[in-house]
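Working notes for the structure below.
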Amino acid sequence: MPNPSKWIACCSLAVLIALYVVGAVSHGSLRHEVQTLPLWIPIVLGFRRSQFAKWAALPCFLFWLAIMILIWLFLLGWTHIVRGHFSPIEIAMTLVIGIACCCGMIACLRWRTVIRLPAALAVCLLSAAFQLFAFRLSLIPFIASQ
């Protein structure tokens, strides 16, 4: 495997770009820009070869993979937690995001860092909180409609 930090950065960048594509073809570019703000942290850390990239990326990958799974379950008619109309491009982007998240999580899980557990947990929890906050913020009507 190539440099794990760069691999994680590239997977994060793939998720970010795919979400920007979804924003461009759907009804809310600003919403997707707000939702993807936390992904910039593992992108920057990863390209700088920081071992913290792993811990910042894991919650983002888990969050976006969970959202994609909910969308796929909705498209299959198995659950209605997520609702809406998804164009073929949006469906294709869910696959890109899902694959990028899986590849990124595999890279994270294989990479052995020297970051101590308290620091790793702190970065992981802050990243998860930032991702959840950004997603919730993107649902505010003013942002969601832009």
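The values are calculated or read from the model by the stated rules, or taken from the named source; none is laboratory data. In this text the structure is predicted, and so the values were computed from the model without any measurement. Note that each Cβ is placed from the backbone with ideal geometry, even for glycine, and that neighbours are counted across all protein chains shown.
Being touching a helix residue (DSSP H, G or I) at 6+ places or on another chain (Cβ under 7 Å) and surrounded by 14 or more Cβ atoms within 10 Å (Cβ to Cβ) is the requirement here; does Arg31 meet it? Here the answer is yes, as Arg31 does meet what is asked. Scanning the stretch 34-52 for residues that are of a type in the set (A, V, I, L, M) and surrounded by fewer than 18 Cβ atoms within 10 Å (Cβ to Cβ) returns Leu37, Val44. Here Ser145 does not qualify as surrounded by 17 or more Cβ atoms within 10 Å (Cβ to Cβ), in contact (Cβ under 8 Å) with a residue 60 or more places away in the chain and either in contact with a strand residue (DSSP E or B) (Cβ under 7 Å, 6 or more places away or on another chain) or not aromatic (Phe, Trp, Tyr) (or both). When the residues of the stretch 74-123 are filtered to those that are polar (S, T, N, Q) and in contact with a Leu (Cβ under 9 Å, 6 or more places away or on another chain), which remaining residue is surrounded by the fewest Cβ atoms within 10 Å (Cβ to Cβ)? Ranking the qualifying residues of the stretch 74-123, first place goes to Thr79. Pairing each residue of the stretch 34-59 that is in contact (Cβ under 8 Å) with a residue 24 or more places away in the chain and of a type in the set (Lys, Arg) with any residue that is surrounded by fewer than 24 Cβ atoms within 10 Å (Cβ to Cβ) and part of a helix (DSSP H, G or I), provided the two are 6+ apart or on different chains, yields C-beta distances under 7 Å for Arg49/Ser5; Lys54/Cys108. Considering the stretch 111-146, and only residues there that are part of a helix (DSSP H, G or I) and closer than 13 Å to Ala57 by Cβ, the residue that is nearest to the chain's Cα centre (by Cα) turns out to be Gln131. Report, ordered by the first and then the second residue, all pairs with beta carbons closer than 8 Å, sequence separation of six or more or different chains, a first member in the stretch 81-98 that is farther than 14 Å from Ala66 by Cα, and a second member that is at pLDDT below 90 and of a type in the set (A, V, I, L, M, F, W, C). Short answer, once both residue conditions are applied: Ser87/Val25; Ile89/Val25; Glu90/Val25. Consider the stretch 7-19 and keep the residues that are touching a helix residue (DSSP H, G or I) at 6+ places or on another chain (Cβ under 6 Å) and free of Cβ contacts under 8 Å to residues at least 60 places away in the same chain. The one that is farthest from Phe135 (Cα to Cα) is Ala9. Can you tell me which residues in the stretch 124-142 are over 16 Å from His32 (Cα atoms) and exposed (fewer than 15 other Cβ atoms within 10 Å of the Cβ)? Hits for the stretch 124-142 are Leu125, Ala129.
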